[in-house]
Every structure is written in C-alpha cells, then in structure tokens.
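Q: The structure's right below; bear with me while I get my questions together.
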Amino acid sequence: MKVNPTTAKGSAIRPFTKLKQDYSRYTDEDQSVWQLLMSRQMDKLPSMASAAYLAGIEAVGISVDHIPNFEETNERLLKLTGWQLVAVPGIVADDVFFELLSERKFPATTWLRPMSSLDYLEEPDMFHDVFGHAPLLAEPSFAAFLHLMWTYALDYLHNPKAIHLLSRLYWFTVEFGLIHEGGSPKIYGAGILSSSSESPYSLRLSETKPDHHTFDVDEVLMTPYRKDALQTEYYIVGSYQELYHSLDGLELKAYL
Ligand SMILES: [Fe+2]
C-alpha cells in the first residue's frame, strides 16, 4: 500500500469498500504469477534485504508455493505485533487509510498483476502489499513506528500540508527505506523489496548509482519524492529502534 497520491488535496480516488479475500477466485495463472514473482525476488533478497524482513517472511508464513491466505497471515501477525491485513479494493481515502493504520490494520489489495505485465503496475497489487509490507509488520519496533506515525496523522487529518509531510516520511522509510546491518545497507522498504530492478539499484549494485544519505527525519520531511521513476536518493537508518525514536517529540507544526 502506498500513500494516496492525492494526499495533498485530501481527496479520495474511490470510496472504501470492505472486501474479503475470496481465495477460491485465484486462477492457476494467479498462482503462477505469485510463484514467479516471489522466487525471482528470493533469488536476490537473502543477500540484500534486512534480516528482520527475511525472518518476517517465515514468521508470517508467506511462501513461494502459493498466494498468501489473509486469514492465516493474520493469525500469525496478530500474535506477533497485533497488526493484521485488511482487504481493500485499491487506494483508499486518506481518512480511511490513516484510521486503519492507527488501528494496526494494514490495507492490502487482493488482486494480482497478470503474467503479461509482471513489471509494470499503475498501482500496487497484492504482491507489493503483502510480500513487500507484511513481513516487516512482525518486527516490533518497525510496527510501533508505523502505528505512531499514523496516530500523528489522525491529529492532522484536515491539514493537507501536514499530511503531505508525513507522506514523505512514509515514502522514504516504509516504501523506500534502507537500514545498516552487518556493515552495509540492506533493504526494508516495500517498494524496493517488491521490485526486481529496484532491489539491486537501491543498493548501488547497478550501473546507475543513486545517492545514499544517513536517515534524518528533518531532512526527509523536507525532501520531495517522485512516484513515476526510480528514486534518486535513499535514506539509511541505523536500526528499527532509531526509526521509532525519530518520532520522539516530532512537532509537525514547526514545518508548516
Ligand atoms: Fe506500499
């Protein structure tokens, strides 16, 4: 799930409808797409991804063999950190998005990209939402950071500029964040973890090399991002505890 791109205007793309994941509707092609996408990423991620993310895949029971069943994933997640996945039809209205996250409910789509467009998506699908996001919801400090960020958001719901600033924080951490582990940067952002090309690129392993910066919440809040291209800069946090404590005393009013 990515922050609603219309956040600055405070508008909704479509109304929120609660969905249930109808597992019987997944076709053989859907299952093949999941297997292909996940096995392709798991060829790379063991050396590139954060240890907590890799452990989270096991902890929440996500497997290359089949599309995750939300009920089974939630049974595990609830016991680990109190988070759960909630099926939504796509990008939801800001107020719904923030309220769900503040209740430790992570909005996730149930549709999967077709085999004919494995690498092109107009908006996030289940592979991004579940493979990318769900494993790290099992990491206590990260899960607490996510919850606290959106508790702040509820206080600023009617202030589009404040919500836009928080979307930058979400973008450069939850979606495109890197973390120092074992002396080198590793990936924990779901936007990178679910992208075959961005995984090596973000770690400067491709020909074109993006900038790496030490995570600083002030700098992140003042940095615009683009949704339509690979990121040109990434922020590296020292630990998930540091990420959580970066919100200590954060006063958005100072930035407005
Ligand atoms: Fe996302």
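Q: Could you give me the residue pairs with C-beta distances under 9 Å whose first residue belongs to segment 22-38 and is assigned to a helix (DSSP H, G or I), whose second residue is of a type in the set (Phe, Trp, Tyr) and open to solvent by 70 Å² or more (accessible area, probe 1.4 Å) wherever it lies, and which are 6+ apart or on separate chains?
A: Filtered contacts from segment 22-38: Asp30/Trp111.
Q: Would you mind stating whether Ser202 is at pLDDT below 95 and either of a type in the set (D, E, K, R) or in contact with a Ser or Thr (Cβ under 9 Å, 6 or more places away or on another chain) (or both)? Walk me through how you get there before you give the answer.
A: On the way: at pLDDT below 95: no; either of a type in the set (D, E, K, R) or in contact with a Ser or Thr (Cβ under 9 Å, 6 or more places away or on another chain) (or both): yes.
No: the conditions fail for Ser202.
Q: Which one is modelled with the highest pLDDT, of the residues in segment 88-103 that are open to solvent by 10 Å² or more (accessible area, probe 1.4 Å) and not in a helix (DSSP H, G or I)? Break it down into steps so the answer makes sense when it comes.
A: Pass one, segment 88-103, residues open to solvent by 10 Å² or more (accessible area, probe 1.4 Å): 89, 91, 93-96, 99-100, 102-103.
The next check asks that each one be not in a helix (DSSP H, G or I); those that pass are 89, 91, 93, 103.
Details: Pro89: 81, Ile91: 77, Ala93: 78, Glu103: 91.
The residue in question is Glu103.
Per-residue answers, yes or no, for (1) at pLDDT 95 or above; (2) more than 17 Å from Pro89 (Cα to Cα); (3) within 16 Å of the ligand (Cβ to nearest atom):
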| residue | (1), (2), (3) |
| --- | --- |
| Asn4 | no, no, yes |
| Ser11 | no, no, no |
| Thr17 | no, no, no |
| Gln31 | yes, yes, no |
| Ala52 | yes, yes, no |
| Ala59 | yes, yes, no |
| Ser63 | yes, yes, no |
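Q: Additional query: Being within 13 Å of the ligand (Cβ to nearest atom) and not aromatic (Phe, Trp, Tyr) is the filter here; which residues of segment 143-170 pass it?
A: Step one: list which residues in segment 143-170 are within 13 Å of the ligand (Cβ to nearest atom), which gives 146, 167, 170.
Listed by number, the residues that qualify are Leu146, Ser167.
Q: Here is a follow-up. Does Tyr244 count as assigned to a helix (DSSP H, G or I), crowded, with 17+ Cβ neighbours inside 10 Å and of a type in the set (Phe, Trp, Tyr)? I'd like the intermediate steps shown before the answer.
A: Details: assigned to a helix (DSSP H, G or I): yes; crowded, with 17+ Cβ neighbours inside 10 Å: yes; of a type in the set (Phe, Trp, Tyr): yes.
Criteria met by Tyr244.
Q: Can I ask one more? Being within 17 Å of Leu230 (Cβ to Cβ) and more than 16 Å from the ligand (Cβ to nearest atom) is the filter here; which residues of segment 182-195 pass it?
A: Within segment 182-195, Pro185 is the sole residue that qualifies.
Q: Can you tell me which condition Phe145 does not meet? The list is (1) part of a loop (DSSP other than H, G, I, E, B); (2) touching a Leu at 6+ places or on another chain (Cβ under 7 Å); (3) not small (Gly, Ala, Ser), and all the others hold.
A: (1)
Q: Of all residues being modelled with pLDDT under 85 and of a type in the set (D, E, K, R) in segment 229-256, which is farthest from Met149 (Cα to Cα)? Just the residue, please.
A: The residue in question is Lys253.
Per-residue answers, yes or no, for (1) assigned to a strand (DSSP E or B); (2) buried (at least 22 other Cβ atoms within 10 Å of the Cβ); (3) more than 16 Å from the ligand (Cβ to nearest atom):
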| residue | (1), (2), (3) |
| --- | --- |
| Glu122 | no, no, no |
| Asp129 | no, yes, no |
| Gly132 | no, yes, no |
| Leu136 | no, yes, no |
| Ser141 | no, no, yes |
| Phe172 | no, yes, no |
| His180 | yes, no, yes |
| Pro200 | no, no, yes |
| Ser206 | no, no, yes |
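Q: Kindly list, by first and then second residue, each pair from a residue in segment 119-146 that is farther than 23 Å from Gln21 by Cβ to a residue that is within 13 Å of the ligand (Cβ to nearest atom) and at pLDDT 95 or above, limited to pairs with Cβ atoms under 7 Å and residues at least 6 apart or on different chains.
A: Partner pairs satisfying both residue conditions: Phe142/Leu136.
Q: Among the numbered criteria (1) open to solvent by less than 60 Å² (accessible area, probe 1.4 Å); (2) under 16 Å from Ser50 (Cα atoms); (3) not hydroxyl-bearing (Ser, Thr, Tyr), which single criterion is violated by Pro210?
A: Every listed condition holds for Pro210 apart from (2).
Q: Among the residues of segment 209-236, which ones are part of a loop (DSSP other than H, G, I, E, B) and either touching a residue at least 12 places away in the same chain (Cβ under 8 Å) or touching a Ser or Thr at 6+ places or on another chain (Cβ under 6 Å) (or both)?
A: Quick first cut of segment 209-236, residues part of a loop (DSSP other than H, G, I, E, B) only: 209-210, 215-216, 222-232.
Within segment 209-236, Pro210, Phe215, Asp216, Met222, Thr223, Pro224, Tyr225, Lys227, Leu230, Gln231, Thr232 qualify.
Rundown of residues vs (1) without any contact (Cβ under 8 Å) to a residue 24 or more places away in the chain; (2) surrounded by fewer than 17 Cβ atoms within 10 Å (Cβ to Cβ); (3) among the hydroxyl-bearing types (Ser, Thr, Tyr), yes/no style:
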| position | (1), (2), (3) |
| --- | --- |
| Val64 | no, yes, no |
| Pro68 | no, no, no |
| Thr73 | no, no, yes |
| Thr81 | no, no, yes |
| Leu85 | no, no, no |
| Pro107 | no, no, no |
| Leu112 | no, no, no |
| Ser117 | yes, yes, yes |
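The values are calculated or read from the model by the stated rules, or taken from the named source; none is laboratory data. Note that the coordinates shown come from a computational prediction; the quantities given were computed from them, not determined experimentally. Glycine gets a Cβ as well: all are built from the backbone with ideal geometry, and neighbour counts include every protein chain shown. Ligands, DNA and RNA are excluded from the accessible area calculation, which covers all protein heavy atoms including side chains. Shrake-Rupley method; radii C 1.70, N 1.55, O 1.52, S 1.80 Å.
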